[in-house]
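**Student:** The structure under discussion is supplied below as structure tokens; questions concerning it will follow.
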Amino acid sequence: MAGSRGNGSISSTSCGGLSELSGGEPPHPRRLYGRKRGRPLRRGQQILVETLLPRLAIDLPRSGGIDLSRLFPDAPLSVWLEIGFGAGEHLTAQAEAHRDIGFIGCEVFENGIAKLLGQVEPRRLANIRLFTDDARLLIAALPPASIGRVFVLFPDPWPKARHHKRRIVSTETLDQLSRIMADDAELRLATDDQGYFAWMLERVANHPAFEWLARRPADWRGRPSDWPPTRYEQNARAAGRSALFLRARRIQRRGPHREA
Ligand SMILES: C[S@@+](CC[C@H](N)C(=O)[O-])C[C@H]1O[C@@H](n2cnc3c(N)ncnc32)[C@H](O)[C@@H]1O
């Protein structure tokens, strides 16, 4: 949303700590662009942020990686990751449909996080954990080949050429995702910005670890039935913009890294 928010509320936040987690200096200092806060939270939302969020939030370990086996009360069949879940419509629908899967949702926008928290107890979603900082920090701390599916849905398009370097879908992010995704794991991307779709496709298709799964135009013009819509998609359609979808498979490694 930040790219289309396009107003004075956009801020950038420096994200330290990546070099420590990934074991080396990142080539460029990373910044997180976008709004972290919108309207003041309602009283009930504030209570959820103070009481429920600490129980669901993932803290990065000071050293080493995240131990996924300790994250969920029951060992999940697989762990799926959503980056930038917005208000959480897709994440909660998936978590409700797949109670045997563990879900990690990443979002920095406080009002979106509060909306998702409001769904957790009424829908008894014991299989969601949240990371409320830059998703790239979490990715750097996840074990290799540990994630069974990744969603990046309607990421901020940053349509101006001088802002393209802010796009979350980049070769660098794909490199990181290819490390944490299990063999045959699926990457799901969506956007309503044709230029960003072409950008995503070029990077995914040229990445040695990913295979684009589309066979016919219907595959990128429509969602499969197990892919619930997000708020951003619904807003885009209401404004007359169509959505584009990209599914890719993490190609099998030659070594032993299948899903943990
Ligand atoms: C355009 S919105 C789309 C939200 C949602 N996926 C949807 O389709 O309705 C993009 C979201 O990604 C979040 N975001 C952007 N960069 C992020 C990052 N590095 N880590 C976590 N969240 C991020 C923003 O805060 C914003 O809420």
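**Student:** Which residue is farthest from the chain's Cα centre (by Cα), if the candidates are limited to the range 216-245 and must be assigned to a loop (DSSP other than H, G, I, E, B) and charged (D, E, K, R)? Explain how you work it out, then say what you get.
**Tutor:** Going through the range 216-245, the residues assigned to a loop (DSSP other than H, G, I, E, B) turn out to be 216-217, 222-230, 239-243.
In the following step, the residues that additionally are charged (D, E, K, R) were identified as 216, 223, 226, 241.
Details: 216: 26, 223: 17, 226: 17, 241: 22 Å.
Here the answer is 216.
**Student:** For the range 57-96, give me the residue count where each residue is surrounded by 15 or more Cβ atoms within 10 Å (Cβ to Cβ) and away from the ligand (no atom under 16 Å from the Cβ).
**Tutor:** Going residue by residue through the range 57-96, those that are surrounded by 15 or more Cβ atoms within 10 Å (Cβ to Cβ) are 58, 60, 65-66, 68, 71-72, 76, 78-96.
This time we only want the ones that are away from the ligand (no atom under 16 Å from the Cβ), so: 65, 68, 71-72, 76, 78-79, 96.
The number of residues fulfilling the criteria is 8.
**Student:** Among (1) part of a helix (DSSP H, G or I); (2) under 30 Å from residue 254 (Cβ atoms); (3) over 17 Å from the mean Cα position of the chain (by Cα); (4) away from the ligand (no atom under 16 Å from the Cβ), which single condition is residue 199 missing?
**Tutor:** (4)
**Student:** Output yes when any residue across the range 241-251 is charged (D, E, K, R), more than 16 Å from the ligand (Cβ to nearest atom) and loosely packed, with under 12 Cβ neighbours inside 10 Å, and no when none is.
**Tutor:** Checked the range 241-251: no residue is charged (D, E, K, R), more than 16 Å from the ligand (Cβ to nearest atom) and loosely packed, with under 12 Cβ neighbours inside 10 Å.
**Student:** Listed residues 3, 8; which is more than 15 Å from the ligand (Cβ to nearest atom) and at pLDDT below 50?
**Tutor:** 8
**Student:** Those residues that are more than 23 Å from residue 228 (Cβ to Cβ) and of a type in the set (D, E, K, R), I need them from the range 168-213; list them, please.
**Tutor:** The answer is 172, 175, 179, 183, 202, 203, 211.
**Student:** Exactly one condition in (1) touching a residue at least 24 places away in the same chain (Cβ under 8 Å); (2) within 11 Å of the ligand (Cβ to nearest atom) is false for residue 183; which is it?
**Tutor:** (2)
**Student:** Being within 16 Å of the ligand (Cβ to nearest atom) and either at pLDDT below 95 or in a strand (DSSP E or B) (or both) is the filter here, so list the residues in the range 97-141 that pass it.
**Tutor:** Residues satisfying the conditions are 103, 104, 105, 106, 128, 129, 130, 131.
**Student:** So, residue 108, is that one touching an Asp or Glu at 6+ places or on another chain (Cβ under 7 Å) and touching a residue at least 12 places away in the same chain (Cβ under 8 Å) or not? Write out each step before concluding.
**Tutor:** Details: touching an Asp or Glu at 6+ places or on another chain (Cβ under 7 Å): yes; touching a residue at least 12 places away in the same chain (Cβ under 8 Å): yes.
So residue 108 passes the test.
**Student:** Could you check residue 119 against (1) crowded, with 17+ Cβ neighbours inside 10 Å; (2) more than 24 Å from residue 225 (Cα to Cα); (3) in contact with a helix residue (DSSP H, G or I) (Cβ under 7 Å, 6 or more places away or on another chain) and say which number it fails?
**Tutor:** The number of the failed condition is (2).
**Student:** Let me ask something else about it. Residue under question is residue 259, and the condition is that it be among the charged types (D, E, K, R) and at pLDDT below 95; does it hold? Write out each step before concluding.
**Tutor:** Values: among the charged types (D, E, K, R): yes; at pLDDT below 95: yes.
Criteria met by residue 259.
**Student:** Looking at the range 154-161, can you tell me whether even one residue there is crowded, with 22+ Cβ neighbours inside 10 Å and out of contact with any helix residue (DSSP H, G or I) (no Cβ under 6 Å at 6 or more places or on another chain)?
**Tutor:** Within the range 154-161 (the criterion being crowded, with 22+ Cβ neighbours inside 10 Å and out of contact with any helix residue (DSSP H, G or I) (no Cβ under 6 Å at 6 or more places or on another chain)), the answer is yes, since at least one residue qualifies.
Okay, residues lined up against (1) farther than 11 Å from residue 129 by Cα; (2) in contact with a Lys or Arg (Cβ under 7 Å, 6 or more places away or on another chain):
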position: 56; (1), (2): no, yes
position: 70; (1), (2): yes, no
position: 86; (1), (2): yes, yes
position: 99; (1), (2): yes, no
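**Student:** Now, a different point. Of the conditions (1) in a loop (DSSP other than H, G, I, E, B); (2) in contact with a Leu (Cβ under 8 Å, 6 or more places away or on another chain); (3) not hydrophobic (A, V, I, L, M, F, W, C), residue 144 fails just one. Which one is it?
**Tutor:** For residue 144, the exception is condition (2).
The values are calculated or read from the model by the stated rules, or taken from the named source; none is laboratory data. Every value quoted in this text rests on a predicted model; they were computed, and no experiment measured them. Note that we place each Cβ from the backbone using ideal geometry, even for glycine, and neighbour counts take in every protein chain shown.
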